[in-house]
Amino acid sequence: QKEVEQNSGPLSVPEGAIASLNCTYSDRGSQSFFWYRQYSGKSPELIMFIYSNGDKEDGRFTAQLNKASQYVSLLIRDSQPSDSATYLCAVNRGGGNNRLAFGKGNQVVVIP
Amino acid sequence: DGGITQSPKYLFRKEGQNVTLSCEQNLNHDAMYWYRQDPGQGLRLIYYSQIVNDFQKGDIAEGYSVSREKKESFPLTVTSAQKNPTAFYLCASRADTDTQYFGPGTRLTVL
């Protein structure tokens, strides 16, 4: 089982709709979870982090964490064309070395 | 203006040549990381350093070397032993929390 898995295939959403991205992880010892946005040809930029079970909202973004089921999700409300990018899920690895494991990413395409 | 800088933005390497990628940060972060990204792939950890004068191998360290002589700098050398070096190389630094922040990246191509 991969450390971090993101469901494959681009996600196309109409402008103004909600985009929903999911990520599962294998290490039950993971305590920190991150979502990065990466535009084509650019480096990843942090958009959300979450440490506790439940929801965390920041503007149009909501991160949801369920440690018992080992998944973390990202909702993008009122999707805009500028949200078109690849979203990377990252999970802190256990062991105290502060290393992150990354998923392969989900491409989101917002259709005007 | 605080941040992480990487240079060069684009780099071309001939077969059998060693090249060094620069990463500098003025965020006063102790920890720094090097990742490699291939098309359609997640980031893979090459080397990391949690403090000056100390560094550890990541998941794919073979064919790479690093140094950490200054807190601000963490250069990565891609040696001729790295057989498939064409990739997007990303440097990151970490604050006291787990959060890592990335530089703009260096795109390396083997000619």
Between A:85, A:101, A:17, find the one with the highest GNM mean-square fluctuation for chain A; connect C-alpha pairs within less than 10 Å. A:17
Over chain A, what is the relative contact order in percent, taking alpha-carbon pairs closer than 8 angstrom and at least six residues apart? 37 percent
What is the set of long-range amide H partners of residue B:68 at a cut-off below 5 Å, with H atoms built 1.01 Å from backbone N? B:53
Using +1 at the Cβ of each Lys and Arg and -1 at the Cβ of each Asp and Glu in the protein assembly as shown, identify which of A:10, B:81, A:62 lies farthest towards the dipole's positive end. B:81
In debye, nearest 20, what is the charge dipole magnitude of chain B about its Cα centre with +1 on Lys and Arg Cβ and -1 on Asp and Glu Cβ, if you could check? 420 debye
Averaged over A:47-54, number of beta-carbon atoms from partner chains that fall within 10 Å: 1
For chain A, the charge dipole (Cβ of Lys, Arg +1; Cβ of Asp, Glu -1; about the Cα centre) points to a positive end, and the Cα of A:81, A:36, A:95 closest to that extreme belongs to A:95
What size of dipole, in debye to the nearest 20, comes out for the protein assembly as shown about its Cα centre when the only charges are +1 on Lys and Arg C-beta atoms and -1 on Asp and Glu C-beta atoms? 520 debye
Over 19 Å (Cα to Cα) among A:42/B:70; B:14/B:71; B:14/B:83 -> A:42/B:70; B:14/B:71
Within 10 Å of each Cβ in peptide A:88-98, how many partner chain Cβ atoms are there on average? Round it to a whole number, please. 3
Using a cut-off of 22 Å between alpha-carbon atoms, which lysines can reach residue A:67, once sequence neighbours fewer than 8 places away in the same chain are excluded? A:2, A:56, A:104
Packing-ranked peptide list from B:89-98, B:3-12, highest mean Cβ count within 10 angstrom first, is B:89-98, B:3-12
GNM result for chain A, Cα springs below 10 Å: residue of A:91, A:13, A:72 fluctuating most strongly: A:13
Go through B:93, B:3, B:67 and say which Cα lies farthest out towards the positive end of the charge dipole of chain B; charges sit on Cβ, +1 for Lys and Arg, -1 for Asp and Glu. B:67
Within 10 Å of each Cβ in A:40-46, the average number of Cβ atoms from other chains: 5
Rounded to the nearest Å, what's the spacing between the alpha carbon centres of segment B:1-68 and segment A:50-112? Just the number, please. 24 Å
Do any GluC sites (Glu not before Pro) in segment A:1-64 lie in a DSSP loop with no more than 14 other beta carbon atoms within 10 Å, and if so, which? A:15
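Values quoted throughout were computed directly from the atomic coordinates according to the rules given, and no laboratory measurement underlies them. All values reported here derive from a predicted model rather than from experimental measurement. Don't worry about glycine lacking a Cβ; one is built from the backbone with ideal geometry, like all the others, and counts go over all protein chains shown.
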